[in-house]
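The next block holds one structure in the form of structure tokens; read it before the comments.
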Amino acid sequence: MKLSQKVQAMQFSPIRKFNVYAIEAKEKGKKVYHLNIGQPDIKTPKAFMEAVKNFDSHVLAYAESGGLVQLQDAIANYFKRFGMDIERKDVLITNGGSEALSMIYTCLLDYGDEVLIPEPFYTNYQTFISAAGGKVVPVTTKAEEGYRYAYADRIEKVITDKTRAISLVNPGNPTGTILTRDEMRVIADVAKKHDLWIIADEVYREFAYDGREMTSFGQLEDIKERVIIVDSVSKRFSACGARIGCIVSKNQELMSNAMKLAQGRLCCPTLDMIGATALYELDPSYFNEVRTEYEARRDAVYEEIMKIPGVVCQKPGGAFYIMVKLPVESSEDFLVWLLTEFDDGGETVMYAPIQGFYGTEGLGRDELRIAYVLKKEDLVRGVELMRLGLEKYKELGYK
Ligand SMILES: Cc1ncc(COP(=O)(O)O)c(C=O)c1O
């Protein structure tokens, strides 16, 4: 018996693969500050639970494959706030943003087709694209440049006759980088010139700081037929367990073909769609407090990071991640050491080493991602532990 080459070539999530060391550390009585995973501690709005509690039917039936119409309408109305003319038919409800991405790549890619992605990128993209038979072609970004990627020449350099799409996350995971309007225009023009799709993963849209504008690629009228938006309640409403996301596109050919996949998996969970409808119907003022909280966390964590000698870090404009380049040869080795050998007062820290977020072999060895999803004191203590750990690591002669 044989497994496919496709699945064997896939990697395990670098966000989760060091968990075994964290579990061992905890079994030995150490407290581990988890700065590695994007699971927010912000309370899910009560409206979700209330809506689910009020469900009053004797049968929990299948829903429409495209989603509950009231949820499609609530999402269409949400997009109208951004000046976008989105209707029910432009919204397909999926099992999280994850399924939206899988469906999109299945719709767009034939074997060997290429997708351009700025690296470092959210690692699961590699899995979704490989499963669809495609290939990730990275557009490399640098810590020293704040991980910016909207340079037409750099993008065009890697376009081939197999390139089908530019896929991006804005605001970015893992970099926290936010595109300016001018940068969005650069990407739109490259896509037009080379007849490419733009897959805009905007699951962090509301988390834009320092007064930055919340945007969507769907606002660019001249490219609306080539834009596919990925959205989700997971981060936006701190409802990761609801598993509700969507594909939003004005391109009806894409939407109609994605519906074949949606019908194949029957439907999304009915109760979660009911809860998600209540979330999308919340007053937009809901985001003010959440955004202020994340912004304060970002500032606190950044201030603490900058106390680490030899660090390279730029304050990101959005999402809830911050990239750090450390004066070590391998952020993976340092992490394993922090979890197995180090503690300060019985405490240590875990982050996500970033090597596995790059498509280019050998890049990102000295970089890591911190998710600022915990309360401020814990974030500051976590980064302090990294600094104290690094001092000790160097004292012991590690590089
Ligand atoms: C950029 C990005 N896209 C999509 C997802 C998928 O999220 P979900 O399937 O929970 O909507 C995540 C989750 O971390 C993410 O960071």
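Any read-out appearing in this document is the output of simple, stated calculations on the displayed coordinates, not a laboratory observation. Here the structure is a predicted model, which is why all the values come from computation and not from measurement. Note that we place each Cβ from the backbone using ideal geometry, even for glycine, and neighbour counts take in every protein chain shown.
With 26 Å as the limit on Cα-Cα distance, the pairs of LYS135/LYS193; LYS89/LYS193; LYS31/LYS142; LYS157/LYS315; LYS43/LYS376; LYS28/LYS392 that go past it are LYS89/LYS193; LYS31/LYS142; LYS157/LYS315. Across the alpha-carbon atoms of segment 46-280, the computed radius of gyration and Dmax are 17.5, 59 angstrom.
Taken along the Cα-to-beta-carbon direction at a fixed 7 Å, the label points for TYR62 and LYS193 span 4.7 nm.
Note on the chain: percent of Cα-Cα distances in each 20 Å bin, starting at 0 and stopping at the bin with the largest distance, equals 27, 57, 16, 0.
Largest mean-square fluctuation among PRO309, PRO174, PRO269, in a Gaussian network model of the chain whose springs join Cα atoms under 10 Å apart, belongs to PRO309. Adding -39500 (n - 2.57) for every DSSP H run of four residues or longer, then dividing by how many residues the chain holds, sets the calculated 222 nm ellipticity at -11500 deg cm²/dmol. Rounded, prolate or oblate: pick one for segment 294-384, where a ≥ b ≥ c are the square roots of the eigenvalues of its C-alpha gyration tensor, a/c under 1.5 means rounded, and failing that, prolate if a/b is larger than b/c, else oblate. Oblate, because a/c is 1.5 or more while a/b does not exceed b/c. Note on GLN8/THR360: beta-carbon distance plugged into 1/(1 + (r/R0)^6) with R0 of 22 Å gives a FRET efficiency of 0.55. Computed from the C-beta positions of VAL158 and LYS307 and an R0 of 30 Å, the FRET efficiency is 0.20 to the nearest 0.05.
Counting only DSSP beta bridges whose two residues both lie in the chain, roughly 45 percent are antiparallel. Note on GLU50 and LYS315: the extension gain reaches 91.6 nm, defined as 0.36 nm multiplied by sequence separation minus the Cα-Cα distance. Go ahead and run the numbers for FRET between GLN263 and LYS80, Cβ-Cβ distance against an R0 of 41 Å, rounding to 0.05. Approximately 0.90, to the nearest 0.05.
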